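One structure is given below, encoded as structure tokens.
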Amino acid sequence: MTKYHYCLLLMGSLLLGSCQSVEQLSIDYMLPAEVSFPATLKRVAVVNNITEEEQKKSENEVARLTNYYNGDAAITTESLAEALANENYFEEVVICDSALRSKDINPRESTLSRDEVLELTQNLDVDFLIALENIQMRSNRKISYMPDWGVFLGTVDVKVYPTVRIYLPNRKGPMVTVNSNDSIFWEEAGNGEASVRSRLISEEDMVKQASEFAGTVPVRHLLPYWKTSNRYLFSGGSVNMRDAAVYAKEENWSKAVELWKQTYETKKGKQKMYAAYNTALGYEMQDSIDTALEWALKAQTLAREKSKTDKKETGEIHDGTISYYIFISMYVDELEKRKEGMARLNMQMNRFDDDF
């Protein structure tokens, strides 16, 4: 559940360490979703449960450049179904793209009744439903003059707020409600204010594109997803550390870890700390998160001791100066989050019998 990319980017010499260098790696790892679906739920229907009245543009506008909209529910529903299907998590994803409330005469509770859920799951031959229940948007449109560049800059920043509910047959009320949000952005630059204003995305296209984007937003709350993070490898200071960095580049993490452990046992001070941190990274790359956390905690302890005796104990990480203790503590936090989610992730992925 871990992938990585070795970038071979020299991030700068660490202060107080003339021979020490840091290289950056990009790591992709999977995180669990907020919602866990039993493996027996294999076929899902995505339905549009928003009334036609709710899809009209709001009359209420806050401030001159800030507007609130209801998104295009049909577009969002289709986008949500497509995004779910692209993940290949369920065996089948079908879409009921007509608004279920379109024939309502009188307003009523928007959640689907038990009878409606049962009828829909039977008619669509699915195990459960994911219903789009609301799609709100907030748009900020602004034009500014940039004196340093001598141009006008126009921006449109839209925040989308889709709400979906999950329904199971024969269950009273929705299983769970997922409220999510994210932002989408457009910009134009030019010499004249009128020209920039005319080329900025129109209100109609903005609503369409933002509605399509909104359909993708709930997916990471519903399904396990990949996250990309940066990692940093201490690669100098001794023969073992340099040789281990070569093994890491070749993806031979077991050999690299062996050399880092040797360094940890034989060196003191910062070299011992670097080796402990690298060993944690090596185990993370092999998906041994528990062991990685153990070594990261060792590195954190050494960094804490170092910070007490050396007031200038800092390093240049990612073009910025940062305390080793803070830097390693941030890594400990990430590993703790990964460990916390591993049991839930394994449960969510057990429908694939470890074939993922």
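The values are calculated or read from the model by the stated rules, or taken from the named source; none is laboratory data. Just so it is clear, the model here is predicted, and its values are computed rather than measured. Ideal geometry is used to build each Cβ from the backbone, glycine not excepted, and the neighbour counts take in all protein chains shown. We work out accessible area using only protein heavy atoms, side chains counted, and drop any ligands, DNA or RNA first. Shrake-Rupley method; radii C 1.70, N 1.55, O 1.52, S 1.80 Å.
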Tally time: how many residues in region 139-182 are within 26 Å of Val93 (Cα to Cα) and within 19 Å of the chain's Cα centre (by Cα)? 10
Collect the residues in region 22-37 that are of a type in the set (Gly, Ala, Ser) and surrounded by fewer than 18 Cβ atoms within 10 Å (Cβ to Cβ), keeping them in residue-number order. Ser26, Ser36
Failed criterion for Ser198 (all others in (1) farther than 18 Å from Gln286 by Cβ; (2) open to solvent by less than 40 Å² (accessible area, probe 1.4 Å) hold): (2)
Anything in region 117-142 that is open to solvent by 50 Å² or more (accessible area, probe 1.4 Å) and either on the phi > 0 side of the Ramachandran plot or in contact with a strand residue (DSSP E or B) (Cβ under 6 Å, 6 or more places away or on another chain) (or both)? List them, or say none. Leu124, Asp125, Asn134, Gln136, Arg138, Asn140, Arg141, Lys142
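Test Tyr232 against the criterion of being part of a helix (DSSP H, G or I) and of a type in the set (Ser, Thr, Tyr), and give yes or no. Spell out how you get there, then give the answer.
On the way: part of a helix (DSSP H, G or I): no; of a type in the set (Ser, Thr, Tyr): yes.
The answer is no for Tyr232.
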For region 320-343, pairs from a residue that is closer than 18 Å to Arg304 by Cβ and outside any helix (DSSP H, G or I) to a residue that is modelled with pLDDT of 90 or more and not acidic (Asp, Glu), with Cβ under 9 Å and 6 or more apart or across chains, are Ile322/Met330; Ser323/Ala303; Ser323/Ser329
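If only one of Leu259, Leu233, Leu222 is under 24 Å from Leu25 (Cβ atoms), buried (at least 20 other Cβ atoms within 10 Å of the Cβ), touching a residue at least 60 places away in the same chain (Cβ under 8 Å) and of a type outside the set (Gly, Ala, Ser), which one is it?
Within the list Leu259, Leu233, Leu222, the selection yields Leu233.
If only one of Gly269, Gly173, Gly192 is closer than 30 Å to Lys298 by Cβ and surrounded by fewer than 20 Cβ atoms within 10 Å (Cβ to Cβ), which one is it? Steps first, answer last, please.
Numbers: Gly173 fails: closer than 30 Å to Lys298 by Cβ; Gly192 fails: closer than 30 Å to Lys298 by Cβ.
Unique residue meeting the criteria: Gly269.
Within region 204-215, can one find any residue that is open to solvent by less than 40 Å² (accessible area, probe 1.4 Å), on the phi < 0 side of the Ramachandran plot and assigned to a loop (DSSP other than H, G, I, E, B)?
Of the residues in region 204-215, the ones open to solvent by less than 40 Å² (accessible area, probe 1.4 Å) are 206-207, 210-211, 214-215.
This time we only want the ones that are on the phi < 0 side of the Ramachandran plot, so: 206-207, 210-211, 214-215.
From what is left, the residues that are assigned to a loop (DSSP other than H, G, I, E, B) are none.
Within region 204-215, not a single residue is open to solvent by less than 40 Å² (accessible area, probe 1.4 Å), on the phi < 0 side of the Ramachandran plot and assigned to a loop (DSSP other than H, G, I, E, B).
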Just to be sure before I move on: is Glu251 open to solvent by 50 Å² or more (accessible area, probe 1.4 Å) and at pLDDT 95 or above in the structure I sent? no
